[in-house]
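J.: I'd like to ask some things about the structure below.
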């Protein structure tokens with residue numbers, strides 16, 4: 001599901017499609033087909049029938065298909081219950097649903113630029129406004 005922050009779907013790679021090489025796009029990209037190579041976009045959604053053999057890079061990545069390769073996400077990686085990831089993940093926030101499969105290393109990153117300048121990150125400011133769940 002797309003959040004208001006992500007915007008609307010701009011690129012769709014259909015279930016019967018195969019791309020070999022590099023895919024670079026702005027905005028939201030949904031992959032229901034296969035990609036053998038690297039994928040880069042603002043937001044990536046890998047559908048249940050989608051497969052990627054290569055590196056994925058985006059601000060936000062949602063996996064419901066199969067990935068064989070590394071994932072780099074500035075904000076978040078979410079692996080849905082049917083998602084399979086075999087490779088390393090670098091991100092600020094990692095969500096793995098029950099039933100999902102992940103084999104690799106995860107590297108959690110911090111918002112370094114905001115911390116070094118003494119400014120509060122947007123996530124930290126938002127956290128201060130919310131009541132935390134402790135259970």
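J.: Could you work out the relative contact order of segment 9-109, using alpha carbon pairs under 8 angstrom and six or more residues apart, expressed as a whole percent?
T.: Values: 328 pairs, mean separation 16.8, N = 101.
It rounds to 17 percent for segment 9-109.
J.: Give me the distance in nm between label points sitting 7 Å out from Cα along the Cα-to-Cβ direction at residue 68 and residue 11, one decimal.
T.: Between residue 68 and residue 11, the label points sit 2.2 nm apart.
J.: OK, next. Full-extension gain between residue 82 and residue 19, please, as 0.36 nm times their residue separation minus the C-alpha to C-alpha distance. Please report the intermediate quantities before stating the final value.
T.: Details: separation 63, 0.36 × 63 = 22.68 nm, distance 2.22 nm.
Working it through step by step, the gained length comes to 20.5 nm.
Any read-out appearing in this document is the output of simple, stated calculations on the displayed coordinates, not a laboratory observation. Here the structure is a predicted model, which is why all the values come from computation and not from measurement. Cβ atoms come from the backbone with ideal geometry, glycine included; neighbour counts cover every protein chain shown.
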